[in-house]
Amino acid sequence: MTFEVIVVDFSKIRGLWETRVKKHKEQCKKEEQRIQTSALQKIKQEWSFMLECRHRAIPQSEYLNNGFVDITLNIQNTHQRNFTVCKSPSTEEEPQKNKFVFNLYGSEWQELPDYLREQTYLKEWHIHKTLIQTIPDYIQTFEDMKVLDMSQNKLKHLPPEIGCLRNLRELNVSFNNLKNIPPELGDCENLEKLDVSGNLELTELPFELSNLKKVTFADLSANKFSSIPICVLRMSSLQWLDISSNNLKDLPQDIDRLEELETLLMQKNTFTYLPFGLINLSNLKLLVVSGDSLVEIPSALEDNPSLKYIKLLDNPIEVNENLDIENEDENNQDQLQFEKEFMKAYIKDLVKRDSAPSYTTKVSLNLQI
């Protein structure tokens, strides 16, 4: 079954939605102010604040002022921040599964805290939206690390010591400032999920990543790849490959080496034809391409009843070239991330449709806000 989808300009959609969200927030703010003037609401806030302080073993004298609860002290926020950032195995209140998870969030962080180097028992790092530019070499001591999620930071490079993480299962360094990936990553032979999307300047992956035979998910979208890296074609267990929003003009004829591939996302490239090797991918269930430049498509792809073949057409809305862009790279990353999430949600919804006609359908996304 084939879907031809006319996609509107994402920056236009974003602007319209941001206007609507702004109006909604203003309405919510007015309603919140009205509720806050209610005596009942004030009592509820004070009671919740008092219970939280007791839960965190904060002395009563710290949150009472002349016998009244003083919620302006912000004690709760201070303790909450420390509790979230520093995960200690001695904290009895934490769920057992969180004792080995480290979380860090916020632009006030420009480097990792010093105490982290001592917590080598950690199995997961989740670090987002910070100004951190490097990962220290002591990461090699985290031998039990399974998940390294450092998306949406300012990373400029990955240390070669990352190859010492032999138990690593997931690596997410999407939407950073990476220009290359160290070949030592190929030593992480247990890696199953690799996400390097949205780095904008990434042009290639080292051949040593061919050793990653257990990778089932690879997201290389929103970079500057001119072809599918050779190492990716040798990831024999690959089931999901997203290489959209790159500089690809054609696909390798041996694309059928990826025998386990089920999902292939290639929109926002400049393909003029699709190789017949795609027909040999017997497990392929979803194929998404940009169809405006395509002049040659194997008919077996469009006629395959077990394959959802989605062709995205040019958007009909003019692009506003007078947008005020303060930081071009950050703006591009934000737009790409928004577009990525939008397309992910839309394609997911499209795939879930059980009753799709066998003939070609054209769907126009006309959003009125």
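Rounded to the nearest 0.05, what FRET efficiency do residue 110 and residue 201 give with R0 = 30 Å and r taken as the Cβ-Cβ distance? Could you check? Write down the numbers at each step before the final one.
Details: r = 21 Å, r/R0 = 0.71.
The formula returns an efficiency of 0.90 here.
Around residue 215, with a cut-off of 9 angstrom between Cβ atoms, what is the net charge of the other residues, counting Lys and Arg +1 and Asp and Glu -1?
Numbers: positive: 193, 213, 214; negative: 192.
Result for the local shell: +2.
Beta carbons within 10 angstrom, averaged per residue: use that to sort the peptides 171-180, 295-304, 100-109, 200-209, highest first.
Ranked by mean Cβ neighbours within 10 Å, highest first: 171-180, 200-209, 100-109, 295-304.
Might you report the magnitude of the Cβ-based charge dipole of the stretch 121-191 about its Cα centre, with Lys and Arg at +1 and Asp and Glu at -1, to the nearest 20 debye?
Once rounded to the nearest 20, the dipole reads 360 debye.
Highest first, please rank the peptides 152-161, 213-222 by the mean number of other Cβ atoms sitting within 10 Å of their residues.
Result, highest mean Cβ count within 10 Å first: 213-222, 152-161.
What's the FRET efficiency of residue 19 with residue 285 using the Cβ-Cβ distance as r and R₀ = 51 Å, to the nearest 0.05? Write out the running numbers ahead of the final one.
Working: r = 37 Å, r/R0 = 0.73.
Once rounded, the FRET efficiency stands at 0.85.
Residue 349 to residue 227: FRET efficiency via 1/(1 + (r/R0)^6), r the Cβ-Cβ distance, R0 45 Å, to the nearest 0.05?
0.90
Within the accessible area of the stretch 149-304, what % is carbon and sulfur when the probe is 1.4 Å and the other protein chains stay in place?
Ligands and nucleic acids excluded, carbon and sulfur give 43 percent.
If you count only protein heavy atoms with a 1.4 Å probe, what accessible area per residue comes out for the stretch 177-313, rounded to a whole Å²?
41
The values are calculated or read from the model by the stated rules, or taken from the named source; none is laboratory data. None of the values given here were measured: they were computed from a predicted structure. Note that we place each Cβ from the backbone using ideal geometry, even for glycine, and neighbour counts take in every protein chain shown. Surface areas here come from the heavy atoms of the whole protein model, side chains and all, with no ligands, DNA or RNA. Shrake-Rupley method; radii C 1.70, N 1.55, O 1.52, S 1.80 Å.
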